[in-house]
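Below is one structure, written out as structure tokens, with a few remarks after it.
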Amino acid sequence: MQKTHIRHQLYLLRVPLVLLVILWNMAGAKAQTTMYMEEHDAKPYYFGITLAGNNSNFKLYQDEIFLKQDSIMVAEPLKTFGFNLGLLGNLRLSEYFDLRFNPQLLFASKNLYYKENYPQRESTKNIESILLSFPLQIKFKSDRIGNMRVYTIGGLKYDYDLASNARARRAEDLVKIRKSDFGYEFGAGFEFYFPSFIFSPEFKISNGIGNVHVKDEHLRYSNVIDKLQSRMIVFSIHLEG
């Protein structure tokens, strides 16, 4: 199953990778004649917008109760897709380093798969999230190569889940999730310069470090879980000016 997931993710990366190759060739061809937005490198700050898709899931740690009971035989996370909308603010620190603030609204669904013995059935618990995410990142950028440059990012984030069910009333099939989470992000991207804007495709890993599971021993689908930590792969398009 793990190999299938890996092949599936590599297949999904083909389209953005092909897009990067096309843009690279376009930037290289334009670089032979015209350098766009040469004054942009001296700007103390600038802004942009972000459009993104995410592939999210939980990292699940089983509770010791899972091994002691014989009703739920399998409890594991599923990968699902969502999308992000955001704003971007970039502050120039030096020739090669920027400070970047990229608040986003994320729509994600981190589902859990269960296989039960009594009664015999399979089910999926849909845990939908509407996240307000506040990442603060350090950006390390290369020299410009014509109308293109490469950069890497790393930083911390705070997420607040507007759809959290942590205070929901007890229900047998409920898995409660906390509203707040902290985490880290790292990734890389490209900047392609055009006459009036910068087109920046970017890949990043965005992981939570806290336990977002609200354990309730009275909920049968919850008491077999010890911890849940958020995991997310994000492909973003930044349009900057």
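Below are the figures for this structure:
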item: Residue, surrounded by the most Cβ atoms within 10 Å (Cβ to Cβ), within segment 93-120, restricted to residues that are of a type in the set (S, T, N, Q) and in a loop (DSSP other than H, G, I, E, B); result: Asn102
item: Some residue of segment 148-165 being closer than 26 Å to Gly89 by Cβ, open to solvent by 20 Å² or more (accessible area, probe 1.4 Å) and free of Cβ contacts under 8 Å to residues at least 12 places away in the same chain; result: no
item: For Phe186: the one exception among (1) touching a Phe, Trp or Tyr at 6+ places or on another chain (Cβ under 8 Å); (2) of a type in the set (A, V, I, L, M, F, W, C); (3) part of a strand (DSSP E or B); result: (1)
item: The listed residue being surrounded by fewer than 18 Cβ atoms within 10 Å (Cβ to Cβ), in contact (Cβ under 8 Å) with a residue 40 or more places away in the chain and over 30 Å from Lys68 (Cα atoms), out of Gly187, Gly241, Gly183; result: Gly241
item: Residues (open to solvent by 30 Å² or more (accessible area, probe 1.4 Å) and in contact with a Leu (Cβ under 6 Å, 6 or more places away or on another chain)) located in segment 34-59; result: Tyr45, Ile49
item: Qualifying position, being in contact with a Phe, Trp or Tyr (Cβ under 9 Å, 6 or more places away or on another chain), among the small types (Gly, Ala, Ser) and surrounded by 14 or more Cβ atoms within 10 Å (Cβ to Cβ), among Gly86, Gly82; result: Gly82
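The values are calculated or read from the model by the stated rules, or taken from the named source; none is laboratory data. These numbers come from a predicted model, not from an experiment. Positions of Cβ are generated from backbone atoms using ideal geometry, with glycine treated the same way; all protein chains shown enter the neighbour counts. With ligands, DNA and RNA removed, areas are computed over all heavy atoms of the protein, side chains included. Shrake-Rupley method; radii C 1.70, N 1.55, O 1.52, S 1.80 Å.
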